[in-house]
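Undergrad: Questions regarding the structure given below will be posed in turn.
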Amino acid sequence: MVKHRESRPGQKAAGGLGAKPRRDMPGKPPAKPAHASRPAKPSRDHSERTAEPRVAASAAAAPERPLIVRNGERPPERVPVILESLGAGDFHLIDSGNGLKLEQYGPYRIVRPEAQALWPPTLASHVWDNAEAIFTGDTDEDGMGRWRFPREALGETWPLQLLGVDFLGRFTAFRHVGVFPEQIVHWAWMKEQVETAKRPLKVLNLFGYTGVASLVAAAAGAEVTHVDASKKAIGWARENQALGRMEKLPIRWICEDAMKFILREERRGNKYDIILTDPPKFGRGPNGEVWHLFEHLPLMLDICREILSPKALGLVLTAYSIRASFYSIHELMRETMRGAGGVVESGELVIREAGLDGRTPGRALSTSLFSRWVPK
């Protein structure tokens, strides 16, 4: 179930419109026990999605390309927008609290750290203790840990489904499970755009990770280009494609630095109707390239605008692990899209607790900032 709820002007959006260090790497505090309270910061670092260092965009290694001076009016705005999910397919958030979250992924209940869950849990402790998998060890964003299986040992992967697409859940050393379900709201939006466009659409998925978004887009009828600098992540994406018997769908799997790729696409004049971009705060490439979100994001968005098609349907940016308001990326998006018309809507992605039955709404857990340009 996906809800699109817009707060009235002047209202504060739910979940705290502040920083989202879900992928914070430098300057981390000492590790704390899994059940200890933690600062109100989310939890995800793209550079730590796999056990190998990776970055899918490194402007430092790319040829210099100045920002284009944009003219015209900035697009109108819709703020704050809260995109809320109560779960979908094989996923829902059961409960949260004390710096942890209890999630349902197919047949498994999983406990993972969640710094923003400052409140006490709703469900009894024995429900949490009986989860099939619990992430333990270093609970910092760039810290490795291990999975504890209270009932029985589980394999590394297991089958899941979201939005009609089959893929593999995966227990990684960095707490992640192969999919980021807060993105369901963006994927559902993209799926609808592709299915109702009445024309072939080209989708570019930058920092594509294990490819769930790419498979959703391709299954809906889009021609997809998936870019990620991690060979391991690309391998996982291809496994997901094979699991769903989707090998014949038009997906290009590109293992490359994202900035280098989009610069080349700009030079070649290639265009896309929808661009999804989900960059990390910080990362390091295989040749020592360095990506810093605050330094390189303006250029990345500038290039993305240039490779949008004349009839583009959207440019979607999500941002984690940054100590900033959503307004920082919102105003950047509006400046980038000067003269393009349309509207820029920005705010937060939240997942609402759904209880043991998956249908009982509870508290909203903020997960990330986002900004999205759409043509109307």
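The values are calculated or read from the model by the stated rules, or taken from the named source; none is laboratory data. Everything numeric in this text was worked out from a predicted model, so none of it was measured. Quick reminder, even Gly has a Cβ in these numbers, built from the backbone with ideal geometry, and neighbours come from all protein chains shown.
Undergrad: Quick one: what pairs do we get from the range 226-244, first residue β-branched (V, I, T), second in a helix (DSSP H, G or I), C-beta under 6 Å, 6+ apart or different chains?
TA: Going by the 6 Å Cβ cut-off, the qualifying pairs are V227/A258; V227/F261.
Undergrad: Considering only residues that are within 11 Å of W147 (Cβ to Cβ) and in a loop (DSSP other than H, G, I, E, B), which ones fall in the range 107-136?
TA: Correct list: A131, E132.
Undergrad: Look at the range 152-176 and say how many of its residues are over 23 Å from A88 (Cα atoms) and either in contact with a strand residue (DSSP E or B) (Cβ under 9 Å, 6 or more places away or on another chain) or assigned to a strand (DSSP E or B) (or both).
TA: Initially, the range 152-176 is screened for residues over 23 Å from A88 (Cα atoms), giving 152-155, 173-174.
Now drop any that are not either in contact with a strand residue (DSSP E or B) (Cβ under 9 Å, 6 or more places away or on another chain) or assigned to a strand (DSSP E or B) (or both), which leaves 154, 173-174.
Adding up the residues that qualify gives 3.
Undergrad: Could you tell me how many of the residues in the range 82-104 are at pLDDT 95 or above and part of a strand (DSSP E or B)?
TA: 15
Undergrad: Across the range 248-260, what is the total count of residues that are in contact with a Leu (Cβ under 8 Å, 6 or more places away or on another chain), surrounded by 19 or more Cβ atoms within 10 Å (Cβ to Cβ) and outside any strand (DSSP E or B)?
TA: Pass one, the range 248-260, residues in contact with a Leu (Cβ under 8 Å, 6 or more places away or on another chain): 249, 251, 258-259.
Subset that is surrounded by 19 or more Cβ atoms within 10 Å (Cβ to Cβ): 251, 258-259.
Those left that are additionally outside any strand (DSSP E or B): 258-259.
The number of residues fulfilling the criteria is 2.
Undergrad: Now for a different question. Of the residues that make up the range 195-217, is at least one more than 26 Å from I274 (Cβ to Cβ), surrounded by 16 or more Cβ atoms within 10 Å (Cβ to Cβ), out of contact with any Phe, Trp or Tyr (no Cβ under 6 Å at 6 or more places or on another chain) and not aliphatic (A, V, I, L, M)? Lay out the reasoning, then the answer.
TA: Keep residues of the range 195-217 that are more than 26 Å from I274 (Cβ to Cβ), which gives none.
No, the range 195-217 has no match at all.
Undergrad: Could you tell me whether L293 is of a type in the set (A, V, I, L, M) and either modelled with pLDDT of 95 or more or farther than 19 Å from D228 by Cα (or both)?
TA: Numbers: of a type in the set (A, V, I, L, M): yes; either modelled with pLDDT of 95 or more or farther than 19 Å from D228 by Cα (or both): no.
When the stated conditions are applied, L293 does not pass them.
Undergrad: Give all pairs with beta carbons closer than 7 Å in which a residue from the range 247-265 that is acidic (D, E) meets a residue that is in a helix (DSSP H, G or I); count only pairs at least 6 apart in sequence or on separate chains.
TA: From the range 247-265, the pairs are E247/Q241; D257/A61.
Undergrad: Just checking, does the range 313-329 include any residue being in contact with a Pro (Cβ under 9 Å, 6 or more places away or on another chain), in contact (Cβ under 8 Å) with a residue 24 or more places away in the chain, crowded, with 19+ Cβ neighbours inside 10 Å and assigned to a helix (DSSP H, G or I)?
TA: The answer is yes; a qualifying residue exists.
Undergrad: Does K191 satisfy the condition of being modelled with pLDDT of 95 or more, of a type in the set (K, R) and either under 25 Å from H292 (Cα atoms) or in a helix (DSSP H, G or I) (or both)?
TA: Details: modelled with pLDDT of 95 or more: yes; of a type in the set (K, R): yes; either under 25 Å from H292 (Cα atoms) or in a helix (DSSP H, G or I) (or both): yes.
For K191, the condition - modelled with pLDDT of 95 or more, of a type in the set (K, R) and either under 25 Å from H292 (Cα atoms) or in a helix (DSSP H, G or I) (or both) - is met.
Undergrad: For the list (1) in contact with a Lys or Arg (Cβ under 8 Å, 6 or more places away or on another chain); (2) buried (at least 16 other Cβ atoms within 10 Å of the Cβ); (3) under 21 Å from E265 (Cα atoms), I need the number of the one condition that P310 fails.
TA: All conditions pass for P310, except number (2).
Undergrad: Moving on to the next point. Restricting to the range 194-219, what's the tally of residues that are part of a helix (DSSP H, G or I) and of a type in the set (G, A, S)?
TA: Of all residues in the range 194-219, those part of a helix (DSSP H, G or I) come to 194-196, 212-219.
From what is left, the residues that are of a type in the set (G, A, S) are 213-214, 217-219.
The number of residues fulfilling the criteria is 5.
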